[in-house]
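Heads up, the thing below is written out as structure tokens.
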Amino acid sequence: RSIDVMQVNAAKKIYYSLNLVGWGMATDISVFAEKLRFIGGQRYNIASIFEIVKNRKREAKLIVDGKEREADFCFIISCNTKYVGKGMRMAPNALIDDGLIDLIIVKKTSRSTLLSVFPKLFNGTHIEHDACEYLQCHSFSIIPKENGQLNIDGEIIGYTPVDVDIVKEGIELLV
């Protein structure tokens with residue numbers, strides 16, 4: 001079966017992603033969760049709560065299919081599949097072979113809003129909340145004021161600025 005992959009050009013290095021590319025809080029949660037490995041499966045939830053309380057400032061330029069905007073973001077995560085992490089239905093409309101990147105954008109918002117949206121990630125209803133913007137695109141770039149790490153398929157590799165493009169049917173898998 002042929003499936004799409006995301007080509008990730010991160011600080012002049014090329015990576016390929018089957019599942020997700022995350023920046024901002026999405027990456028910070030993964031970094032902190034790794035330090036909490038001794039807790040077990042709940043480490044992502046605990047790390048999420050801590051990062052929501054921190055609610056760091058992340059100013060960046062986001063370019064989606066050539067359209068540019070600047071804002072303060074909580075996180076931006078692109079998905080090629082529906083699920084990320086431990087059962088979070090981050091991109092409920094994603095298909096692995098549709099030639100599209102599912103992009104979830106959360107602009108800076110209050111801690112209480114983030115805490116109210118967090119449980120919705122597990123059933124995919126977060127995309128209906130005003131705090132979230134859900135787009136499907138062919139490419140995007142993140143150019144932050146302060147460069148930071150990326151989460152590529154669960155690994156903390158690569159740094160911003162980043163350009164991501166979909167490669168339709170970029171790989172064949174035996175199913």
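The values are calculated or read from the model by the stated rules, or taken from the named source; none is laboratory data. These numbers were taken from a predicted model, which means no experiment stands behind them. Because the Cβ atoms are built from the backbone with ideal geometry, glycine has one as well, and the counts that use them run over all protein chains shown. Each accessible area value is taken on the protein alone, full model and side chains, heavy atoms only, with ligands, DNA and RNA left out. Shrake-Rupley method; radii C 1.70, N 1.55, O 1.52, S 1.80 Å.
What are the residue pairs meeting all of these: first residue in the range 94-117, first residue within 17 Å of residue 152 (Cα to Cα) and among the acidic types (Asp, Glu), second residue open to solvent by less than 60 Å² (accessible area, probe 1.4 Å) and not in a strand (DSSP E or B), Cβ atoms under 9 Å, and 6 or more apart or on different chains?
102/80; 102/81; 102/90; 102/91; 102/92; 102/94
Residue 160 versus (1) closer than 17 Å to residue 28 by Cβ; (2) of a type in the set (Ser, Thr, Tyr); (3) surrounded by fewer than 17 Cβ atoms within 10 Å (Cβ to Cβ): which is the lone unmet condition?
Going through (1) closer than 17 Å to residue 28 by Cβ; (2) of a type in the set (Ser, Thr, Tyr); (3) surrounded by fewer than 17 Cβ atoms within 10 Å (Cβ to Cβ) one by one, residue 160 breaks only (3).
Residue-wise test of (1) of a type in the set (S, T, N, Q); (2) open to solvent by 20 Å² or more (accessible area, probe 1.4 Å).
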position	(1), (2)
41	no, yes
62	no, no
66	no, yes
77	no, no
81	yes, yes
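Looking at the range 65-173, what strands (runs of 3 or more DSSP E) fall wholly within it and have at least 1 residues that are among the aliphatic types (A, V, I, L, M) and closer than 17 Å to residue 5 by Cβ? Explain how you work it out, then say what you get.
Working: elements: 67-79, 101-107, 132-137, 139-144, 149-152, 155-159, 162-172.
Answer list for the range 65-173: 67-79, 101-107, 149-152, 155-159, 162-172.
Conditions (1) basic (Lys, Arg); (2) outside any helix (DSSP H, G or I); (3) open to solvent by less than 10 Å² (accessible area, probe 1.4 Å); (4) out of contact with any Cys (no Cβ under 7 Å at 6 or more places or on another chain), marked per residue:
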{"position": "22", "(1), (2), (3), (4)": "no, yes, yes, yes"}
{"position": "45", "(1), (2), (3), (4)": "no, no, no, yes"}
{"position": "49", "(1), (2), (3), (4)": "no, no, no, yes"}
{"position": "52", "(1), (2), (3), (4)": "no, no, yes, yes"}
{"position": "56", "(1), (2), (3), (4)": "yes, yes, no, yes"}
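Out of all the residues in the range 29-39, which are open to solvent by less than 80 Å² (accessible area, probe 1.4 Å) and either touching a residue at least 12 places away in the same chain (Cβ under 8 Å) or outside any helix (DSSP H, G or I) (or both)? Steps first, answer last, please.
As a first pass, look at the range 29-39 and keep what is open to solvent by less than 80 Å² (accessible area, probe 1.4 Å): 29-33, 36, 39.
Once the filter is applied, which keeps residues that are open to solvent by less than 80 Å² (accessible area, probe 1.4 Å) and either touching a residue at least 12 places away in the same chain (Cβ under 8 Å) or outside any helix (DSSP H, G or I) (or both), the range 29-39 yields 29, 30, 31, 32, 33, 36.
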